[in-house]
Each structure stands twice: as structure tokens, then as C-alpha cells.
Amino acid sequence: MVSLWEHLRTGGGTRGQSFDMLGSGHSTELTKRNPTLSLTKQGAAAGTMRVNLSWQMRTPDLNERQRRRGSLRHPLQMLKPQPISGHTQGMVNVDLDLACMYELADGTKGVVQPLGELLGSMNEPPYIKLTGDDRFGSGSGETLYVNLDQADKIKRLLVFVYVYDSTPAFERTNAIVTLVPSNGPQIEVRLTERAPEARSVAVLLIEHDKDELVVRREVRYVYGYQADLDRLYGWGMTWGRGYK
């Protein structure tokens, strides 16, 4: 499939590394009411931070289905098998991609993403590494690693998710982005809002706020792709079409 993605070629070497990490086992969810968390305050503004995307196909609301089936007007409906929806071949093949725009302290800007094999590097700019491209939403999902030992060289990071094949799919998926920092609870952002025509979503913005490194929930859906997110957040890069 040809994507409408806009391709930006950047440099950055890769080195063979093991990125295995142990999380604390605890989690906190960023919500509209509580959208920010300071990595500095929880002692996690250094070390390696893992950012994971996973998703499942959205299923009908089971509680609503059970309520309807239990209606006193139709008591026999409770014994009738219900059809399974949302599992056609087209739906199963939803391909969400995890990516990250970066701006470094020296003004360097770019993107790490599967398209164009812009996979980044941990020990060289941009200090971000993407591993794997999960096309079916498996348990392992897709993962970015951020080298926060170089946090002073990073101005801001925009973690985002887009639909590769240009078919709107957020309406049909339950996706979750999880940050696993070097210390403290892991941070979750759920992408469950209804956005039937959206093809991309800005999930998290990580940037310095005075003397703290702060994570902020965004969850801003757009109907286009990387160039639209770029304009929304003022990155100012030039984009072209890309493939994977």
C-alpha cells in the first residue's frame, strides 16, 4: 500500500545493544484531569526510558450487550448466541505505527519512525531508537527507547501514532502507549476516544519545564499525517512521501 506519509531522511547510526529493562510493576494513567507528570520528581530523568505501543481490535460494549440481552421484554435473548463483529480481514490488518519527532538543544530536528527506516540511535543524536514494526498489534507491540542520560541535549520529543495504510482505524482499535522510565511507576495513555476519520494522533509531549523533565498527555487527533502534526506543534520541517 502507498502511504500518504511524508518522508524526511535524517542521519544517526545504530549500534547493536540490549535494551531489556525491568519496570516497577506499578502504573499511573495520564488523563484529561491529570495530564502531566514530572520525570525529575520521581527520579526518572536519567537512564533508559521505554515507550511502547500496543493495540487490540475494538469489540462491542459487552455490558451494553448483556443489558440488552437481559431485557425483561426479551428474556430468551439471554440464551441466544451473539454475532461477533469487528473481525473482518480488513479490520484485522490494521497497522498502527509508533513514532517520535525530536528537537535537540542544538536546533537539530527530525523524526524516528518505521517509514524510511528512520530508526535512530541511542548513543548518537537523536538518542532515540525504534525497534520492531508490529503490523498486527501483538502483545509486544512497537517500542521506542530514549537515552535520558543525554536529556540535557534533548529539547522536546513528540510521541505520536499514525495509521500506515491511510485507512482511518482509531475508531476500530483500543490502543495504549506506555512509558516505562528508569524509576517510579510506568505511565499509560489510552487512545480510546472516538475519532472515526483521524489518521494520526499526538500522544505525549516530553520537554523541559524550568528545571524539570515533564511528560504531558496530548491525545490530539488529526485527519492527516506527519506534516499536519508538524504544523500543529510548530516543528517546521519539510516532508515528502515515504514507504515501508
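The values are calculated or read from the model by the stated rules, or taken from the named source; none is laboratory data. Fair warning: this is a prediction, and the values are worked out from it, not measured in the lab. FYI the Cβ positions are ideal-geometry reconstructions off the backbone, even for glycines, and counts take in every protein chain you see. Note: accessible area is taken over every heavy atom of the protein model, side chains too, but ligands, DNA and RNA are not part of it. Shrake-Rupley method; radii C 1.70, N 1.55, O 1.52, S 1.80 Å.
Can you pull out every residue in the range 154-189 that is among the hydroxyl-bearing types (Ser, Thr, Tyr) and either crowded, with 19+ Cβ neighbours inside 10 Å or touching a Cys at 6+ places or on another chain (Cβ under 7 Å) (or both)? Scanning the range 154-189 gives Tyr162, Tyr164, Thr173, Thr178, Ser182.
On the given criteria, is Thr131 at pLDDT 85 or above and open to solvent by 10 Å² or more (accessible area, probe 1.4 Å)? It is true that Thr131 is at pLDDT 85 or above and open to solvent by 10 Å² or more (accessible area, probe 1.4 Å).
In contact with a strand residue (DSSP E or B) (Cβ under 9 Å, 6 or more places away or on another chain), modelled with pLDDT of 85 or more and open to solvent by 20 Å² or more (accessible area, probe 1.4 Å) - does that describe any residue in the range 92-99? The answer is no, given that none of the residues of the range 92-99 is in contact with a strand residue (DSSP E or B) (Cβ under 9 Å, 6 or more places away or on another chain), modelled with pLDDT of 85 or more and open to solvent by 20 Å² or more (accessible area, probe 1.4 Å). From the list Leu213, Leu179, Leu229, the one residue that fits, being among the hydrophobic types (A, V, I, L, M, F, W, C), more than 24 Å from Asp165 (Cβ to Cβ) and under 15 Å from the mean Cα position of the chain (by Cα), is Leu179. No other residue among Arg231, Arg190, Arg156, Arg216 is free of Cβ contacts under 8 Å to residues at least 24 places away in the same chain and over 17 Å from Val94 (Cα atoms) apart from Arg231. Would you say Thr192 is open to solvent by 10 Å² or more (accessible area, probe 1.4 Å), polar (S, T, N, Q) and more than 27 Å from Ala105 (Cα to Cα)? Yes; evaluated as a whole, the condition is true for this residue.
Tallying residues that are closer than 18 Å to Glu103 by Cα and either β-branched (Val, Ile, Thr) or open to solvent by less than 60 Å² (accessible area, probe 1.4 Å) (or both) within the range 195-214 yields 9.
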